[in-house]
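Novice: Have a look at this one.
The values are calculated or read from the model by the stated rules, or taken from the named source; none is laboratory data. Owing to the predicted nature of the structure, the values given are computational and were not obtained by experimental measurement. No Cβ is skipped: glycine too gets one built from the backbone with ideal geometry, and neighbour counts run over all protein chains shown.
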Amino acid sequence: MARTRKRFIAGAECPACGAADTLQLTISTDPEGNVREEQVQCVACQHTFKDKEEPKQQATNNDDTLIGLFKPE
Ligand SMILES: [Zn+2]
């Protein structure tokens, strides 16, 4: 049974419409909990894109890595 988790990416800006705090990260996992797909959707303009293409800069591979994608200033 596949599971899907969703979370908003705080402080992120939509690359399509420029709205802030509208990006929702959807994480699909398989029954073992492995991430199968990560997709980001803007709830304002419905623009979707894959987050997977971001180059990994840290060796650790856990949920905290996702927080590194946006800049807290
Ligand atoms: Zn947008």
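Novice: For region 1-37, how many residues are within 12 Å of the ligand (Cβ to nearest atom) and in a strand (DSSP E or B)?
Specialist: Qualifying residue count, region 1-37: 4.
Novice: Scan region 34-49 for residues that are exposed (fewer than 13 other Cβ atoms within 10 Å of the Cβ) and touching a residue at least 12 places away in the same chain (Cβ under 8 Å) and report the count.
Specialist: Total meeting the criteria: 1.
Each row is one residue, and each column tells you yes or no for (1) in contact with an Asp or Glu (Cβ under 6 Å, 6 or more places away or on another chain); (2) at pLDDT 95 or above; (3) hydroxyl-bearing (S, T, Y).
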residue: K6; (1), (2), (3): no, no, no
residue: A10; (1), (2), (3): no, no, no
residue: S28; (1), (2), (3): yes, no, yes
residue: P31; (1), (2), (3): no, no, no
residue: R36; (1), (2), (3): yes, no, no
residue: Q39; (1), (2), (3): no, no, no
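Novice: Which ones in region 41-66 are in a loop (DSSP other than H, G, I, E, B), over 14 Å from F8 (Cα atoms) and at pLDDT below 90?
Specialist: Those that are in a loop (DSSP other than H, G, I, E, B), over 14 Å from F8 (Cα atoms) and at pLDDT below 90: K52, E53, E54, P55, K56, Q57, Q58, A59, T60, N61, N62.
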